Amino acid sequence: MLKVSGLRAAYGPIEALQGVDVDVDAGEIVALIGANGAGKSTLLMTICGAPRARSGRIEFDGRDITRMPTFEIIRLGIAQVPEGRRVFPHMTVLENLQVGASPAEETYFDEDLDRVFAMFPILEERRHQSGGTLSGGEQQVLAIARALMSRPRLLLLDEPSLGLAPLVVKRIFEIIKEINESQEITIFLVEQNAYHALRLADRGYVMANGRIVLKGTGAELLADEGVRKAYLEGG
């Protein structure tokens, strides 16, 4: 479904991605782990067109999207949940979901809203509450639901557990699994919580200094001594 080949991207003179190769097959959950500053978030943003790739190729369902405008990429069926949630704080929950639905056909809105409320009853309870007044976990749920309103086939999740309490983190990963299994949405997950991410993932990649340095199944990476020492000790 997603194929990234030799991807390079930069912020001015600083090259954040240095020839990245990643594949995500339909139906999979693929995790990308690595330290802060490794380039993980930049990879997700470059897939969506901002920043632009300096070189390399990004394909979605065999179609080259490397130079495609972001709004066209989203309409093809890719949605991103950004790091830090970034809900619209002064908009209600319902208004946030309406914004998320803008790339989808208007005729599906009521159906999709019912589906999202069935999955996340707390959002229906708080539909008229401002997004900025929700708890951190509720804002993360809203950010995921907002992305689902665009009817994606590929969901890019950037650090969904960041800053959340352990019990909330557990629920967020349950939600990710449910989305993948019940809605058949492919997921590319960037996550510093390597233990939870690799337990959930079919396959995973490890990134360091803008490069992919290791790949394997989730179980293989969990068992890898280098991964354990770098990312799992104490977890």
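The values are calculated or read from the model by the stated rules, or taken from the named source; none is laboratory data. Quantities reported herein were computed from a predicted structural model and do not represent experimental measurements. Glycine gets a Cβ as well: all are built from the backbone with ideal geometry, and neighbour counts include every protein chain shown. Heads up: the accessible areas ignore ligands, DNA and RNA and are worked out on the full protein's heavy atoms, side chains in. Shrake-Rupley method; radii C 1.70, N 1.55, O 1.52, S 1.80 Å.
What percentage of all Cα-Cα pairs in the chain are separated by more than 33 Å?
Working: 4019 of 27495 pairs.
Value for the chain (Cα pairs over 33 Å): 15 percent.
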* Partners for Lys40 among aspartates and glutamates (Cα-Cα distance below 12 Å; same-chain residues under 8 apart left out) -> Glu83, Asp158, Glu159, Glu191
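Helix-derived [θ] at 222 nm for the chain: sum -39500 (n - 2.57) over DSSP H runs of at least 4, divide by residue count, nearest 500?
Numbers: 9 runs with 82 residues, N = 235.
Calculated from helices alone, the mean residue ellipticity at 222 nm is -10000 deg cm²/dmol.
Within the accessible area of the chain, what % is carbon and sulfur when the probe is 1.4 Å and the other protein chains stay in place?
Numbers: 5370 of 10940 Å².
Carbon and sulfur together cover 49 percent of it.
Of the DSSP beta bridges with both residues in the stretch 76-224, give the percent that are antiparallel, rounding to the nearest 5. Show your work: numbers first, answer last.
Values: 7 of 16 bridges.
The answer is about 45 percent antiparallel.
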* **Residue order for His128, His196, His90 - accessible surface, 1.4 angstrom probe, largest first** => His90, His128, His196
* Structure fact -> Check: C-alpha center the stretch 107-143 vs C-alpha center the stretch 155-200, spacing in Å is 18 Å
* Total formal charge among the other residues, if their Cβ is under 9 angstrom from that of Leu162, Lys/Arg +1 and Asp/Glu -1 -> -3
* Might you tell me the accessible area per residue for the chain, computed with a 1.4 Å probe and given in Å²? => 47 Å²
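Can you give the relative contact order of the stretch 127-235 as a percent, counting alpha carbon pairs under 8 Å and 6+ residues apart? Could the numbers behind the result be given before it?
Details: 92 pairs, mean separation 21.3, N = 109.
Across the stretch 127-235, relative contact order equals 20 percent.
Using DSSP to define loop residues, name the chymotrypsin sites (Phe, Trp or Tyr not before Pro) in the stretch 28-117 whose beta-carbon has at most 11 other beta-carbon atoms within 10 Å. Before the final figure, lay out each step's value.
Working: sites: Phe60, Phe71, Tyr108, Phe109, Phe117; in loops: none.
Of the chymotrypsin sites (Phe, Trp or Tyr not before Pro), not one in the loops of the stretch 28-117 has a Cβ with at most 11 other Cβ atoms within 10 Å.
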* To do: For Arg54, enumerate residues with amide H under 5 Å from its amide H, sequence gap 5+ or separate chain, H modeled in the peptide plane.
  => Arg8, Ala9, Ala10
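Just order 41-47, 223-229, 22-28 by mean Cβ neighbour count inside 10 Å, highest at the front, would you? If you can, show how the numbers build up before the last one.
Details: 41-47: 23.0, 223-229: 13.0, 22-28: 16.3.
The peptides rank, most packed first, as 41-47, 22-28, 223-229.
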* Roughly how tilted is helix 109-119, in degrees to the nearest 10 and between 0 and 90, from the longest Cα axis of the chain? -> 70 degrees
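For the pair Tyr11 and Arg171, what calculated FRET efficiency results from E = 1/(1 + (r/R0)^6), where r is the Cβ-Cβ distance and R0 = 45 Å, to the nearest 0.05?
Details: r = 34 Å, r/R0 = 0.76.
About 0.85, to the nearest 0.05.
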* To do: Can you tell me the dipole magnitude for the stretch 9-104 around its Cα centre, using point charges on the Cβ only (Lys, Arg +1; Asp, Glu -1), in Debye to the nearest 20?
  => 360 debye
* Label-point separation, Tyr108 to Ala208 (7 Å along Cα→Cβ), nm -> 4.1 nm
